[in-house]
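Chemist: I am attaching a structure below and will ask some questions about it afterwards.
The values are calculated or read from the model by the stated rules, or taken from the named source; none is laboratory data. The model shown is predicted, which means the values in this text are computed figures rather than measured ones. So basically every Cβ, Gly included, is an ideal-geometry build from the backbone, and we count neighbours across all protein chains shown. The protein model used for the area step is the full one, side chains on, heavy atoms only, and it has no ligands, DNA or RNA in it. Shrake-Rupley method; radii C 1.70, N 1.55, O 1.52, S 1.80 Å.
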Amino acid sequence: MSDNIFVTNNNVDNQDLPKQYDPLVAQSRWSRYWDDLGLFQVGRNSIERSVKGSFCVVIPPPNVTGALHMGHALNNTLQDITVRMKRMQGYDTLWIPGVDHAGIATQAVVEKRLFEEEKLTRHDIGRDALVGRIWNWKEKYQTRIIEQLKGMGCSCDWSRTRFTLDEICAKAVRYFFFNLFKQNLIYRGKRLVNWDTHLQTAVSDDEVFYETVDGNFWHIKYPIVEPKVDEFEFVIVATTRPETMLGDTAVAVHPDPENAINKIHNDIKKRLETASEKEKSDLQKELDNIESLKSSGQIERLKKLAQLAKSGCKIKLPLSGRIIPLIADAWAKPDKGTGCVKITPAHDPNDYEVGLRNDLPMINILNKDGTLNSAAGVYEGLTIKAAREKVVSDLDAGGFLHLVEERTIELAHSDRSKTPIEPFLHDQWFVKMASLAQTAIDTVKNGEVKILPERYTKGYIDWLSEKRDWPIGRQLWWGHRIPIWSCKNVTKNEIEKTFNNRNDISFIRDDESGEWRICSLEEDLPEDAIKDRQLVREEDVLDTWFSSALWTHSTLGWPDVCGDLEYYYPTGVLITNRDILTLWVARMVLAGKFNTGKKPFHEVYIHPTILDKYGERMSKSLGNGVDPISVITKFGADAMRFGLAFLTTENQDIRLVLDFECPYCGAVVEQTKKNRKLPKIQCPKCKKNFRTQWAEKDDDKNLPEGMMINERFEVARNFCNKLWNAARFVLLSLGDKKIDSVTINKNLGSELLEDKWILSRLATVTRDVTQMFETYHYAEAVRLLYDFAWDEFCSFYLEMVKSRLSDNNDNNDNNSNNGNNDNGNNGQSLVAESILVYVLRNLICLLHPVTPFVTEEIWQRLRKLDSNLAVSVAVAEWGIADNSAVNVEIEERFKIFQELLRAIRDVRASRNIPPKDEIKFAVKCNKTTATLLKPMEKYFLTMAKAKATEWGESVEIPEFAATTPLTGMDLYVDLSGVINLNEEIKKLEKEIEKIKNFITAKEKKLDGDFIKKAPKQIVEKEQQSLTDLKEQLNSATNAIKKLIKIKSNQNL
RNA sequence: GGGCGAUUAGCUCAGUUGGUUAGAGCGUCUGGUUUACACCCAGAAGGUCAGCGGUUCGAGCCCGUUAUCGCCCACCA
């Protein structure tokens, strides 16, 4: 949103009521208004607090890597709905916004840009310069993100906007780290990490994806040097990564190949018994393989090798000539490869385990940049790819290459840089998870924190149950630097003397290196902190999740225990996507518990994922994200929010098909995988170029924009317009007339069916919508509101009230401020007006959380009629369901009216009776129904242009009648002059056929065990239904007989 | 390999604990310049609820199974 469209004048004019609601005007006007009033800023430590207490939500901080897409739009829409409702319900409501520094991702984006534009790497410009550039990037995108959130109408307290790398968050990080360190929960270990050679950092398992690539399977001969056995000159190992052989420290064979192969054999056989047809063929193949393996003598060879291994066998590694042992380890599977496997502990996760078990040396052959190091001997300095080629050709030249197969390999890639991962032995900081994870498990298991929908609980608990230690170091420059200083050649005494029992310093000796590691709570230690010694600060920064884990309490000022933390923590609900349930949510629970002793939130609501038209997750990295501002510009923020909430159901992800609309000719240009990232697109119809949201160059930007369109947002936009026009009708009808709450309350007791009905419906809807929102059933709540507003309030109540209001206009003095009852019509119309305004006000309140802008626009205009209304609908009182108004019987009775009206309209439409022509009808029904419907006569006239002639048990049936048998009543519409006898007979025949079918089915049902076993109520219902059907059949039969008689008379 | 979810009208999706004849929007068709709204109004057509089997008086819903699709986790010398 640019500033120039802000309208400073909030003084709405009720004479100025355009037919079409303009969302952009309302958005700028009311955003500004809310800001000026500070409605969403909650006073810090204020003394006056709501009796209802507090309700706080923290935003899942979006990464500053880029702008928000529709996935964020959904996430924040749902939060805003909940937050706005709670605020209206009277809670002290606080929604804290902010953004995440997203270490790896953001640094990667900036580095990539740096290279693309200036051909520079981070090493060229240095740490400070790179971090400076990332800060600039961060400023740009934080601004953009906040702008987007504001544009959506999010009711955050912007004055509290936090950034995971700002001072307040940094302080929390230091305290968290220090306390963990002090409790010995942080340690440094050598671990095999997923090394991204491009970004030169370790990435977590969760940041790795696998991709199928073409590769080879090399079988290499390793000569046996001791003992000399005739039948085994060498062992053959197979590998997809031959260059890693330079780091081999053993070859393994299974200790008991025979039993192992038999076990596999039996397992397959067992599975074959229960397998499906499709699986069978695969299994059979496997079985055949095993059997041929068994008969080939391979197992015998492996058995002998296992013997050799156990008695100590030495192998000479080709190329380097290093001597390595043949070991017996169950990791070597006799049915895979050659049955023997090379062990490279420093470069393969499984081999690493084998290495640990067998106490093997671990030889790292890689540099951090992915080239080979000095351990690789003559291969030093080569890239992995070059080394592979050279190793293979050298092996071949030396006669060590036994066989080369082609095969596809699942190759690990870094999610961030999209380059292959190299397993790499690296020093790494870890958090011990055992007790922390258990706390987080217990917190959910005992119900302290509820995860909704409940089915997600399992994933959370399973993940935590593995209790894998958390690697928290990242070899990056963008992040919270680890607050540890190392010192060599120092004694404990010197350290103790220097820090003199300071409780903000903690230190421990690293057994492996003999260095001391000193952790400082707040102060950054200078190099010379210890006399004559040098402190070296840890280079690495912390995992991003380490700081976002604190988000719920760091944003509220922890570790400072201030009023805010006490008042707003634990927060109410966390609303987020399922992909970070473990990485983020689980860690927030354990960090919250560890730091504050309290859970971070009462509930976690997991919402659906926004997918694109191909079912792919909308994401920043995929590039398929659609900017919500584009949707807002086209349809309005309310429509976007309404559309998204409407799609938020229990268990279905949301496939959002967004296409471009050509700005010249209006043609719909499908968004495809090819064009979805293009800055400009040529319209296939008019052949002109338009720009997209991805335009960056000035040339492109100057083109008109092709908007993103979607059917659901169109529906939502139409709804907003409908609502606006309903309000417009009310405002135009009332003119300057004031309707205050006293007048309204006086008139709510109206005895008219339609009044009681709409009040009952409003109460029911209020109750249900509240419940649905409170349990995060957004789509259900929105559907109830949509139906109520459109089908009940607009299509019925407004239509019915029209005649009552126009009565009024004839006799009424427009300037009268109160309804003096000096004539009957006036009193009557005042009742209608009161209820009309009352229902509209309540409806506006219920809709406000979903569509804040249009409801504010209307609310401000309603304030002209009653200045006692709240200054903004955002702080108006949430509708409290008036249970006394709920009247199921009235609602049922009104349905009869609706059924009859629809039947009359159907007769009109199907007989092509011109809308201007009035028709006459009679209804045969019991006394109760007649009494009910008689007062509604005028509505049949205004709503269906149909005049009632008679109601009752026996009515005079017009000679030329269209007969419609309904439940408990028969409708006769006089068709004199327009009747087509043949058509009418045909229609009735069809009707009779239908009714007969129902009767047959019903009789069959009532004949069996149903009567004996089904609940009495259900049986009675069915019997009543059968009686009704029989009556309908009877009416239809009589009617058809009559028509046939007329027809034969005519033929005479 | 383990787990989770989905399959309902031409399309996009609802459908609470099993209970009359399974709903909505869009699209289609018919008819409408009704002073709130054509971003509208009135009406209609359109479904073997993926297949098979079971439980039950009764299944879109519960159980088993098959097929197809999606997601998450683990593994692949």
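Chemist: Which of the trypsin sites (Lys or Arg not before Pro) found in segment A:513-588 are loop residues per DSSP with 15 or fewer other Cβ atoms within 10 Å of their Cβ? Numbers along the way, then the final one.
Modeler: Values: sites: A:Arg517, A:Lys531, A:Arg533, A:Arg537, A:Arg578, A:Arg587; in loops: A:Lys531, A:Arg533.
Counting only loop positions with at most 15 other Cβ atoms within 10 Å, the trypsin sites (Lys or Arg not before Pro) in segment A:513-588 are A:Lys531.
Chemist: A follow-up question, please. So for chain A: antiparallel DSSP bridges make up what percent, rounded to the nearest 5?
Modeler: Values: 84 of 113 bridges.
Here the antiparallel bridges make up roughly 75 percent for chain A.
Chemist: Something else: When you have a sec, figure out the Kirkwood radius of segment A:1011-1052 from all distinct Cα pair distances and drop it here in Å to one decimal? Intermediate values should be presented prior to the final figure.
Modeler: Numbers: mean 1/r = 0.0794 Å⁻¹.
For segment A:1011-1052, inverting the mean 1/r across all distinct Cα pairs yields 12.6 Å.
Chemist: Moving on. With label points built 7 Å along Cα→Cβ from the Cα atoms of A:Lys1047 and A:Ser1025, find their separation and express it in nm.
Modeler: A separation of 3.2 nm, rounded to one decimal place.
Chemist: About the Cα centre, and with charges only on the beta carbon of Lys, Arg (+1) and Asp, Glu (-1), how big is the dipole of segment A:471-603? Nearest 20 debye, please. Can you show the working numbers first?
Modeler: On the way: 16 positive and 22 negative charges, 73 e Å.
Magnitude of the dipole: close to 360 debye.
Chemist: Which loop-located trypsin sites (Lys or Arg not before Pro) does segment A:903-980 contain, where loop means any DSSP state but H, G, I, E or B and the Cβ has at most 12 other Cβ atoms within 10 Å?
Modeler: Numbers: sites: A:Arg905, A:Arg908, A:Arg911, A:Lys916, A:Lys920, A:Lys924, A:Lys927, A:Lys938, A:Lys945, A:Lys947; in loops: A:Arg911, A:Lys916, A:Lys945.
Those satisfying the criteria are A:Lys916.
Chemist: Sketch the reach of a paramagnetic label on A:Glu959 as a point 7 Å from Cα along Cα-to-Cβ, and name the residues of segment A:911-937 whose backbone nitrogen lies under 14 Å away.
Modeler: In segment A:911-937, the label zone of A:Glu959 (backbone N under 14 Å from the point 7 Å along Cα→Cβ) covers no residue.
Chemist: With labels modelled as points extended 7 Å from the Cα through the Cβ direction, what inter-label distance (nm, one decimal) is found for A:Gln771 paired with A:Ser465?
Modeler: 3.4 nm
Chemist: What does the highest-first list of A:169-180, A:62-73 look like by mean Cβ count within 10 Å?
Modeler: The densest-packed peptide leads the list: A:62-73, A:169-180.
Chemist: Next question, about the same structure. Could you work out how much longer the chain between A:Asp442 and A:Val978 gets when fully extended? Use 0.36 nm per residue separation minus the Cα distance between them, nm to one decimal. Let's see the in-between values first.
Modeler: On the way: separation 536, 0.36 × 536 = 192.96 nm, distance 7.65 nm.
Here the segment from A:Asp442 to A:Val978 would lengthen by 185.3 nm.
Chemist: Sticking with this structure for a sec: Given N residues in segment A:969-1052, what is Rg(Cα) / (2.2 N^0.38 Å)?
Modeler: 1.44
Chemist: Which GluC sites (Glu not before Pro) in segment A:340-410 pass both tests, a DSSP loop state and at most 15 other beta-carbon atoms within 10 Å? Provide the component values of the computation, followed by the final result.
Modeler: On the way: sites: A:Glu353, A:Glu380, A:Glu389, A:Glu405, A:Glu406, A:Glu410; in loops: A:Glu380.
Loop-located and lightly packed - A:Glu380.
Chemist: Something else about it: Students often get this wrong: which residues of segment A:465-496 have the backbone nitrogen under 19 Å from the point 7 angstrom along Cα-to-C-beta of A:Thr419?
Modeler: So the set is A:474-478.
Chemist: Roughly how big is chain A's charge dipole about its Cα centre, with Cβ charges of +1 (Lys, Arg) and -1 (Asp, Glu), in debye to the nearest 20? Mind dumping the intermediate values first?
Modeler: Numbers: 144 positive and 153 negative charges, 281 e Å.
So the dipole magnitude of chain A works out to roughly 1360 debye.
Chemist: Can you give the accessible area per residue of segment A:304-354, in Å², using a 1.4 Å probe?
Modeler: Working: 1980 Å² over 51 residues.
Accessible surface, normalised per residue, equals 39 Å².
Chemist: Ok, one more. FRET efficiency for A:Lys1016 and A:Asn1038, Cβ-Cβ distance as r, R0 = 35 Å, nearest 0.05? Write out the running numbers ahead of the final one.
Modeler: Details: r = 33 Å, r/R0 = 0.95.
It comes out at approximately 0.60.
Chemist: Against the longest principal axis of chain A, how steep is helix A:167-182, in degrees 0 to 90 to the nearest 10, with axes from Cα atoms?
Modeler: 50 degrees
Chemist: Measure nothing fancy, just the Cα-based angle from helix A:349-358's long axis to the longest principal axis of chain A, in degrees from 0 to 90, nearest 10.
Modeler: The helix A:349-358 is inclined about 40 degrees to chain A.
Chemist: Continuing with the same structure: Pull out the extension gain between A:Ala1001 and A:Arg655, defined as 0.36 nm times the separation in residues minus the alpha carbon to alpha carbon distance; nm, one decimal. The partial results should precede the final answer.
Modeler: Details: separation 346, 0.36 × 346 = 124.56 nm, distance 4.01 nm.
Computed gain between A:Ala1001 and A:Arg655 is 120.6 nm.
Chemist: Over the Cα atoms of segment A:501-562, how large are the radius of gyration and the largest Cα-Cα distance (Dmax), in Å?
Modeler: Values for segment A:501-562 (Cα only, Rg and Dmax): 15.1, 43 Å.
Chemist: In Å, what is the Rg of the alpha-carbon atoms in chain A, and how long is Dmax?
Modeler: Radius of gyration, then largest Cα-Cα span, for chain A: 38.3, 130 Å.
Chemist: Using the alpha carbons of segment A:359-516, what is the convex hull volume per residue in cubic angstrom, as a whole number? It would help to have the intermediate numbers written out before the result.
Modeler: Numbers: hull volume 40.0 nm³, N = 158.
Value for segment A:359-516: 253 Å³ per residue.
Chemist: Please determine, in degrees from 0 to 90 and to the nearest 10, the orientation of helix A:277-295 with respect to the longest principal axis defined by the Cα atoms of chain A, where the helix direction is its Cα long axis.
Modeler: With both axes taken from Cα atoms, the answer is about 10 degrees.
Chemist: Something else about it: Distance in nm between label sites at A:Lys314 and A:Glu670, each 7 Å beyond Cα in the beta-carbon direction?
Modeler: According to this spin-label approximation, the distance is 6.9 nm.
Chemist: Given 0.36 nm per residue, what is the gain on full extension from A:Thr143 to A:Asn184 after removing their alpha carbon distance, in nm? Before the final figure, lay out each step's value.
Modeler: Numbers: separation 41, 0.36 × 41 = 14.76 nm, distance 3.98 nm.
Working it through step by step, the gained length comes to 10.8 nm.
Chemist: Considering all projection directions equally, how large on average is the shadow of the alpha-carbon convex hull of segment A:901-1052, in square nanometres?
Modeler: On the way: hull surface 40.8 nm².
Projected over every direction and averaged, the Cα hull of segment A:901-1052 covers 10.2 nm².
Chemist: I want to verify the translational diffusion coefficient of segment A:185-276 in µm²/s; compute it with Stokes-Einstein, Rh as the Kirkwood radius over Cα pairs, at 25 °C and 0.890 mPa s. Could you put the intermediate results ahead of the total?
Modeler: Details: Rh = 18.4 Å.
The calculation lands on 133 µm²/s.
Chemist: Now, a different point. Round to a whole angstrom and tell me the spacing of the C-alpha centers of segment A:156-225 and segment A:494-568.
Modeler: The two parts, judged by their Cα centres, are 20 Å apart.
Chemist: What FRET efficiency comes out for the pair A:Asp528/A:Asn136, r = Cβ-Cβ distance, R0 = 41 Å, nearest 0.05? Intermediate values should be presented prior to the final figure.
Modeler: Details: r = 33 Å, r/R0 = 0.81.
Calculated value: 0.80.
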